[in-house]
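Please find one structure pasted underneath; my questions will follow.
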Amino acid sequence: MADEAPASDAPSSEALGCTDLVKKVRDGTRRVAIVDGVTLSMPPGRLWALEGPSGSGKTTLLLALGGLMAPTSGDVRVAGRSVVGLRDHHRTRWRRAKVGFVFQELQLVRGMSLLENVLLPRVPEGGATADERARALLLLERCGIAGQAHRVVDRLSGGERQRGALARALLGAPAVLLLDEPTAHVDAENAARIVALLAELKSGDAAPAILVTTHDPRLAEHPAVDRRLRMRDGRLA
Ligand SMILES: Nc1ncnc2c1ncn2[C@@H]1O[C@H](COP(=O)(O)OP(=O)(O)OP(=O)(O)O)[C@@H](O)[C@H]1O
Ligand SMILES: [Mg+2]
């Protein structure tokens with residue numbers, strides 16, 4: 001990859017950070033900030049929960065941090081590199097290499113098996129190698145759904161799909177893991193499994209920084225959560 005990133009002034013212990021991040025959208029004739037000047041710096045191996053009322057900007061912030069949405073202004077740093085100024089294809093490659101993202105709506109592809117879904121991020125790179133396939137199966141095992149690997153995702157339960165999307169996000173061993181409401185729509189047992197997985201992930205070797213948005217006290221109040229951030233009207237309280 002060509003090294004055209006602007007020099008970063010990120011703290012050396014930072015996995016994920018942003019400074020004065022703003023996202024404005026059009027609302028009729030006005031432009032309103034739905035993310036309004038957010039600054040944060042997250043070391044690796046931490047699990048942070050981002051809470052706040054519906055519509056406060058949590059998903060928007062997560063998308064901007066993951067390089068999936070261009071902010072209006074401000075800086076985003078992922079694994080020591082400032083990503084906002086990168087050209088599209090460099091940002092995409094950096095994001096694929098460093099960020100695991102689980103969308104609020106999961107975005108698993110219907111009609112494909114769970115394993116095929118987990119290996120989907122490899123498709124733009126020319127498909128999965130045998131090693132990556134083995135790693136995908138290991139991740140499914142770790143997420144407690146190896147037995148479902150060859151089932152079409154349409155037939156899986158909400159909790160199984162949620163864990164499948166998490167396995168897919170982990171395939172590239174990301175430095176940053178961003179999860180949008182990972183325990184929404186799952187029962188108590190599945191919520192506990194997901195939280196236990198996140199706790200395990202953040203304490204492993206080369207642990208990612210894990211930022212989750214949530215309305216769920218089962219997650220936000222879990223002892224594995226190192227910090228609770230609260231968002232309101234696009235700002236961190
Ligand atoms: N592309 C867009 N254009 C216009 N408005 C948007 C756009 N994306 C989000 N919004 C608005 O910005 C606000 C923040 O949305 P966002 O999805 O980030 O909230 P949230 O905190 O994730 O909410 P929830 O808890 O319901 O998931 C909402 O009022 C939403 O309607
Ligand atoms: Mg949301």
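Suppose we filter region 207-237 for residues that are part of a loop (DSSP other than H, G, I, E, B), within 13 Å of ligand 2 (Cβ to nearest atom), within 30 Å of Arg31 (Cα to Cα) and not polar (S, T, N, Q); how many remain?
Qualifying residue count, region 207-237: 2.
Given the conditions (1) within 13 Å of ligand 1 (Cβ to nearest atom); (2) free of Cβ contacts under 8 Å to residues at least 60 places away in the same chain; (3) in contact with a Lys or Arg (Cβ under 9 Å, 6 or more places away or on another chain), and given that Gly52 satisfies all but one, which numbered condition is not satisfied?
(2)
Here is a follow-up. Of the conditions (1) over 21 Å from Glu105 (Cβ atoms); (2) buried (at least 19 other Cβ atoms within 10 Å of the Cβ); (3) of a type in the set (A, V, I, L, M), Leu198 clears all except one; give me its number.
Condition (1) is where Leu198 drops out.
Condition check ((1) of a type outside the set (Val, Ile, Thr); (2) in contact (Cβ under 8 Å) with a residue 60 or more places away in the chain; (3) on the phi > 0 side of the Ramachandran plot) across all residues:
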{"site": "Ile194", "(1), (2), (3)": "no, no, no"}
{"site": "Leu197", "(1), (2), (3)": "yes, no, no"}
{"site": "Glu200", "(1), (2), (3)": "yes, no, no"}
{"site": "Asp205", "(1), (2), (3)": "yes, no, no"}
{"site": "Leu211", "(1), (2), (3)": "yes, yes, no"}
{"site": "Asp216", "(1), (2), (3)": "yes, no, no"}
{"site": "His222", "(1), (2), (3)": "yes, no, no"}
{"site": "Leu229", "(1), (2), (3)": "yes, yes, no"}
{"site": "Asp233", "(1), (2), (3)": "yes, yes, yes"}
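Is it the case that Pro6 is outside any strand (DSSP E or B), at pLDDT below 95, out of contact with any helix residue (DSSP H, G or I) (no Cβ under 7 Å at 6 or more places or on another chain) and surrounded by fewer than 18 Cβ atoms within 10 Å (Cβ to Cβ)?
In short, yes.
Within region 96-103, is there a residue that is assigned to a loop (DSSP other than H, G, I, E, B), hydrophobic (A, V, I, L, M, F, W, C), away from ligand 2 (no atom under 14 Å from the Cβ) and touching a Pro at 6+ places or on another chain (Cβ under 7 Å)?
No, that holds for no residue.
Working only within region 167-184, note down all residues that are hydrophobic (A, V, I, L, M, F, W, C) and either surrounded by fewer than 19 Cβ atoms within 10 Å (Cβ to Cβ) or assigned to a loop (DSSP other than H, G, I, E, B) (or both).
The answer is Leu171, Ala173, Ala175, Ala184.
How many of the residues in region 49-93 are outside any strand (DSSP E or B) and more than 16 Å from ligand 2 (Cβ to nearest atom)?
So the count comes out to 17.
What number of residues in region 26-49 are modelled with pLDDT under 95 and away from ligand 1 (no atom under 12 Å from the Cβ)?
Number satisfying all stated conditions: 1.
Only one of (1) within 16 Å of ligand 1 (Cβ to nearest atom); (2) without any contact (Cβ under 8 Å) to a residue 60 or more places away in the chain; (3) acidic (Asp, Glu) is not met by Glu181, so which one is it?
(2)
Moving to a separate point now. Suppose we filter region 51-103 for residues that are under 23 Å from Val118 (Cα atoms), hydroxyl-bearing (Ser, Thr, Tyr) and under 14 Å from the mean Cα position of the chain (by Cα); how many remain?
Residues in region 51-103 being under 23 Å from Val118 (Cα atoms), hydroxyl-bearing (Ser, Thr, Tyr) and under 14 Å from the mean Cα position of the chain (by Cα): 1 in total.
From Val22, Val32, grab the single residue that is without any contact (Cβ under 8 Å) to a residue 12 or more places away in the chain and in a strand (DSSP E or B).
So the residue among Val22, Val32 that is without any contact (Cβ under 8 Å) to a residue 12 or more places away in the chain and in a strand (DSSP E or B) is Val32.
While we're here: Could you grab me the full set of residues in region 60-71 that are farther than 24 Å from Ala206 by Cα and surrounded by 20 or more Cβ atoms within 10 Å (Cβ to Cβ)?
Thr60, Leu61, Pro71
Would region 72-92 turn up any residue that is more than 23 Å from Arg31 (Cβ to Cβ), crowded, with 19+ Cβ neighbours inside 10 Å and within 16 Å of ligand 1 (Cβ to nearest atom)?
no
The values are calculated or read from the model by the stated rules, or taken from the named source; none is laboratory data. Since the structure is predicted, the reported quantities are computational estimates derived from the model, not experimental observations. Methodologically, a virtual Cβ is constructed for each residue, glycine included, from the backbone with ideal geometry; neighbour enumeration extends over all protein chains shown.
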